[in-house]
Amino acid sequence: MELKKKVGYAAAEYVKDGDVVGLGTGSTTHYFIKRLGKRVMEEDIEILGIPTSYQSFLLAKSSGIFITTLEENDIDIAVDGADEVDSNLNLIKGGGAAHTLEKIVDSAADKFVVIVDGSKIVQNLGKFPVPLEVIPEARRTVNKQVKEYGGIPNLRMAKMKDGPVITDNGNFIIDVKFEIIEKPEYLEKELNSIPGVVENGIFAGIVDEVIVGTSEGLKTLKK
Ligand code: 5RP
């Protein structure tokens, strides 16, 4: 938790007065959003936030950050967490089932900064399953097709609710386990071409900077 807090706080310093900020989802961005709210209160800076989930929307509201939408504004900087970061700064995201809106917001930003603790850094993606947001009617046909790509699909089940996870957009999540993912940009496109897949959790080639929290301190990775 301490490392997540440190990277979240560090990223909050990247935001400048007047910025429109993409607000990622998860336990790491939690600290970023809280700290940004504190800056808004204490430094009298004007920030507008574009949330990537109900979680970040509610947290931003309670932290004193004004909300806007992609309909009204472009994004100067987006800050988000990740489940895996490979050596080329490709990501797997979607551990919180929010990757569809996260990808829309993160890829629209002039600058996309990822915040993680060191446990998320890998050589190649693939230890973490790739989440697919799927239209419920397509569950079985998507399962069949991901197996043709060598994936093992698993419908994500909810905790504190009976049955499957339902996303903020009303869809299912199918987590697909692959062996090592050597060509993430290729797999990202292929998975999105399966009918019924709304979006998958591979984010290839869109990251500008990663702030990594380690026991030796913070490191930044850039392309
Ligand atoms: C949500 C995400 C999160 O950013 C990702 O799961 C990392 O979460 P955490 O910061 O809690 O480890 O992609 O869909």
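Quick one: which of Leu101, Leu91, Leu125 is within 16 Å of the ligand (Cβ to nearest atom), closer than 28 Å to Ile33 by Cα and open to solvent by 40 Å² or more (accessible area, probe 1.4 Å)? Before you say what the answer is, go through the steps one by one.
On the way: Leu91 fails: open to solvent by 40 Å² or more (accessible area, probe 1.4 Å); Leu125 fails: open to solvent by 40 Å² or more (accessible area, probe 1.4 Å).
Leu101 is the lone residue from the list that is within 16 Å of the ligand (Cβ to nearest atom), closer than 28 Å to Ile33 by Cα and open to solvent by 40 Å² or more (accessible area, probe 1.4 Å).
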Practice problem: For residues that are among the charged types (D, E, K, R) and in contact with a Ser or Thr (Cβ under 7 Å, 6 or more places away or on another chain), scanning just segment 1-59, find the one that is nearest to Ile92 (Cα to Cα). | Solution: Lys4
Quiz item: Could you list, in sequence order, the residues of segment 93-138 that are free of Cβ contacts under 8 Å to residues at least 60 places away in the same chain and part of a loop (DSSP other than H, G, I, E, B)?
Solution: Val122, Gln123, Asn124, Gly126, Lys127, Phe128, Pro129
Quiz item: Give me the pairs: first residue in segment 55-79 and touching a residue at least 24 places away in the same chain (Cβ under 8 Å), second residue assigned to a strand (DSSP E or B) and open to solvent by 80 Å² or more (accessible area, probe 1.4 Å), beta-carbon distance under 8 Å, and six or more apart or on different chains, which are they?
Solution: Asp74/Asp110; Ile75/Asp110; Asp76/Asp110; Ile77/Asp110
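Any residue at all in segment 61-81 that is in a helix (DSSP H, G or I), open to solvent by less than 10 Å² (accessible area, probe 1.4 Å) and away from the ligand (no atom under 15 Å from the Cβ)?
The initial filter retains those residues of segment 61-81 that are in a helix (DSSP H, G or I), namely 61-62.
Those left that are additionally open to solvent by less than 10 Å² (accessible area, probe 1.4 Å): none.
Scanning segment 61-81 turns up no residue that is in a helix (DSSP H, G or I), open to solvent by less than 10 Å² (accessible area, probe 1.4 Å) and away from the ligand (no atom under 15 Å from the Cβ).
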Exercise. Go through segment 19-35 and count every residue that is touching a residue at least 40 places away in the same chain (Cβ under 8 Å) and out of contact with any Pro (no Cβ under 6 Å at 6 or more places or on another chain).
Key: 11
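The values are calculated or read from the model by the stated rules, or taken from the named source; none is laboratory data. Predicted, not measured: the structure shown is a model, and the values here were computed from it. Every residue, glycine among them, receives a Cβ derived from its backbone with ideal geometry; neighbour counts consider all protein chains shown. For the accessible areas, the whole protein counts, side chains as well, though only heavy atoms, and no ligand, DNA or RNA atoms are used. Shrake-Rupley method; radii C 1.70, N 1.55, O 1.52, S 1.80 Å.
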